[in-house]
Amino acid sequence: MKKFIAYLMTFLFVGGVFSQENQWTNTKEILNEVAALKKQITKPSFRNKDYLITDFGAKADGITKNTEIINNLIATCSDEGGGRVLVPKGVFLTGAIYLKSNVNLHVSEGATLLFSRDSSDYPMVFTRWEGMECMNYSPFIYAYQEENIAITGKGLLDGNANADHWWYWCGARAYGWNESRPGEQKPARARLHQQMADEVDAKTRIYGDGHFLRPNFVQPYRCKNVWIADVKMVNSPMWNLNPVLCENVLIDGVRIVSHGPNNDGCDPEASKNVWIKDCYFDTGDDCIAIKSGRDEDGRNIGRPAENHIIENCFMKEGHGGVVIGSEIAGGARNIYSLNNQMDSPNLDRALRLKTSSSRGGTIENVFFYNTKVGTYKDAAVRFNMFYEKPGEHIPTIRNIWVENLEVTDGGKYGVLSAAYESSPVRGLTMINCVINGVEEPFKVDYMKGVKLQKVTINGKAVTTFN
């Protein structure tokens, strides 16, 4: 039955009655959409009451575990009507933190929440891991079906991961794994893939100890009115910010410096009305990767990533600056990237759309505007429908608008695309784009409805990709 529903949803949204190719006609029209969306995304407000964790016995020695004190205080704050749970200056060791409704976890300037390296400090919760639902270690900061929650302040969230703790579980020698060391995620990852394909009840997909699936750093799950502002995040075990199935999410002024495996900066997943602004990303994987679930889990739940703004951010190292995918089986639409900067020889791509026929889904209405790029490795604009294993769900990519893209010293390609002949990239518009220093201007296969206006690559005007 679930498979039938998934196929039906694919028909309705991709090839059937709800399919509406919203082909934009001008920049003003798109900017008006952005302005209207900004009015819908608002930060939550909180009762003017502070709960100082040291008043309740928390110790800033970096050794004493403060998990119980912090979580009890969050629960008290929520029960009494909300407010701020305040972390003052000092280093506070903690395990998993559960954030409850109407609570702002405020990490003051000079304060550090240092997360434990002991996996027993992270109880089993219902979570998503690489776009697949399961029971696994709690993310370091987690919330489920809560409303009006925040993490704010100019303090530090330190995931405390390195090649000797958490990272080596990925199974790569570059991150500390070797044959003599216990712990590798590959068998559990393969098992979870199979359980997803078999549509096993997600709450019976039990992992945790002995399976080595690294927890994400911050994951609000099915929450509304989420605000994360000003904190710095370092050394995550895996993905840093991962709001899942959330609505009304504002991420403002966050700095993420984390170079471990799969250390994506911000991965909003199957969420609606998300605004990421004035942030800094220097990561071991994608800086921002918009997602909506992997394969069967993404299709069966059927929630797209929609109405996202990425604005005034700086992307340094990473596999991609603004990325959509690859766990994108639920689709993505109305993604607006404006006034961002990127620059690093270790940044692979500026705009990247990655999916596969095991995913399916539709990626549409992507606006990439006023982007300045110093250098990168691979491509300024990259489409890939063959990211992972093939399947029976041919993806759709359409209505992509790139305007005012300025690249000083590019990498191998200007534009790189690999699509299906049966499902070409449709409706790519590029306007006022200057890309310098690339080895090859473009390498593309199947595209339809391409519009190039004032596009210059290596000093030569490009009017077609033929």
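No value in this document is a laboratory result; all are computed from the given coordinates. For clarity, every value in this text was computed on a predicted model and none was experimentally measured. Virtual Cβ from ideal backbone geometry, glycine too; neighbours counted across all protein chains shown.
Can you tell me the order of 154-161, 356-363, 415-422 when each peptide is scored by its average per-residue count of other Cβ atoms within 10 angstrom, highest first?
Averaged packing, sorted descending, gives the order 356-363, 154-161, 415-422.
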Rounded to the nearest 10 degrees, the helix 186-197 long axis (Cα) sits at an angle to the longest Cα principal axis of the chain of 70 degrees
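Sorting LEU347, LEU93 on the 10 Å Cβ count, fewest up front, what's the list? Before the final figure, lay out each step's value.
Details: LEU347 26, LEU93 23.
By the 10 Å Cβ count, ascending: LEU93, LEU347.
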Assigned charges on the beta-carbon of Lys, Arg, Asp, Glu; the range 194-248 dipole about Cα centre (debye): 180 debye
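Past 24 Å, Cα to Cα, is the threshold; run LYS186/LYS443; LYS59/LYS100; LYS291/LYS451 against it and keep the listed order.
Details: LYS186/LYS443 34 Å; LYS59/LYS100 22 Å; LYS291/LYS451 27 Å.
Correct reply: LYS186/LYS443; LYS291/LYS451.
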By the scheme Lys and Arg +1, Asp and Glu -1, what is the net charge of all other residues having a beta-carbon under 9 Å from that of THR283? -4
Rounded to whole Å, give me the distance from the Cα center of the range 266-288 to that of the range 95-142. 18 Å
Given the options ILE431, PRO88, SER138, identify the residue whose Cα lies farthest towards the positive end of the charge dipole of the chain (+1 on Cβ of Lys, Arg; -1 on Cβ of Asp, Glu). ILE431
Computed for the range 2-461: size of charge dipole around the Cα centre, +1 on C-beta of each Lys and Arg, -1 on C-beta of each Asp and Glu, debye to nearest 20, value 660 debye
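Please arrange VAL366, VAL450 by counting, for each residue, the other beta carbons lying within 10 Å of its beta carbon, fewest first.
Numbers: VAL366 24, VAL450 19.
If I rank by nearby Cβ atoms, fewest first, I get VAL450, VAL366.
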For labels at ARG303 and GLU109 in the simple 7 Å Cα→Cβ model, what's the distance in nm? 3.6 nm
Angle between the Cα long axis of helix 67-79 and the longest principal axis of the chain, 0 to 90 degrees, nearest 10? 80 degrees
In degrees rounded to 10, the 0-90 angle between helix 27-40 Cα long axis and the longest Cα principal axis of the chain is 20 degrees
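Starting with the fewest neighbours, write out GLU439, GLU184, GLU296, GLU269 ranked by other beta-carbon atoms found within 10 Å of each beta-carbon. Please list the in-between numbers first.
On the way: GLU439 10, GLU184 17, GLU296 21, GLU269 27.
By the 10 Å Cβ count, ascending: GLU439, GLU184, GLU296, GLU269.
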